[in-house]
Each structure stands twice: as C-alpha cells, then as structure tokens.
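Taking it in order: structure first as structure tokens, then the write-up.
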C-alpha cells in the first residue's frame, strides 16, 4: 500500500493512498503494556482525533502479556505499512520495530500493533 500522511493547519493527520494501491484499511491492535488503566482508549482517541480518514480501524484491544513497558512501541506486523507506522510512532513519541517482543504470546491479526508503555 503506497500511502502519504499529511498534516493540516488543525494538526490533523490525513492518510491518502496512491490511486494505484488497493485502498486497504490499516488494521491496528492496541495493547496496554503498562499498569495504567484506560491507556489504550486514550491512544485510540488520539489516533481518531489526528487521522481524518476512515482507513484506520482498531481491530484488537487488550492487555499485553508483559505489563512493564517503559516506552510505547509501534510494531509493523505486515509489510507495506512501514510509512504509516513511522508517522504513528512520531505522533506517539514511540519506538518503532518490525518484530513483536518475544514475551508477547498473542497472535494478533493486524497491520500495526501499538504496545502502550508507562510514558
């Protein structure tokens, strides 16, 4: 999927896809990797407020197996979503990786997973 993310004057981000792409939805998984309650809801709200595009879809929300993440982690689960994952990582001041931490056992069917840390 060939995508661009633009920021307008209202600090909203908009995902635009190349007309030659298949216009797939970006499926997100949100995992709470901290002891704080409700942080995945906060992240979902933040993403909804910044992305003015219906191609963003939260398909999974739960606790991470490990609940002591210090920083938020954005994990690219499927190739083709690296650019969007980079933008999300910047928006959330998160670390970016292409590998799910080994101690996470959940089999997640998403394009990008966000593990919300304590900070």
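Coordinate-derived values only; no laboratory data. Predicted, not measured: the structure shown is a model, and the values here were computed from it. Please note: Cβ atoms are built from the backbone with ideal geometry, for glycine as well, and neighbour counts cover all protein chains shown.
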> Using 7 Å Cα-to-Cβ label points, what is the residue 95/residue 62 separation (nm, one decimal)?
Replying inline: 2.3
> Separation between the residue 42 and residue 83 pseudo-spin-labels, each 7 Å from Cα along Cα→Cβ, expressed in nm?
Replying inline: 3.1
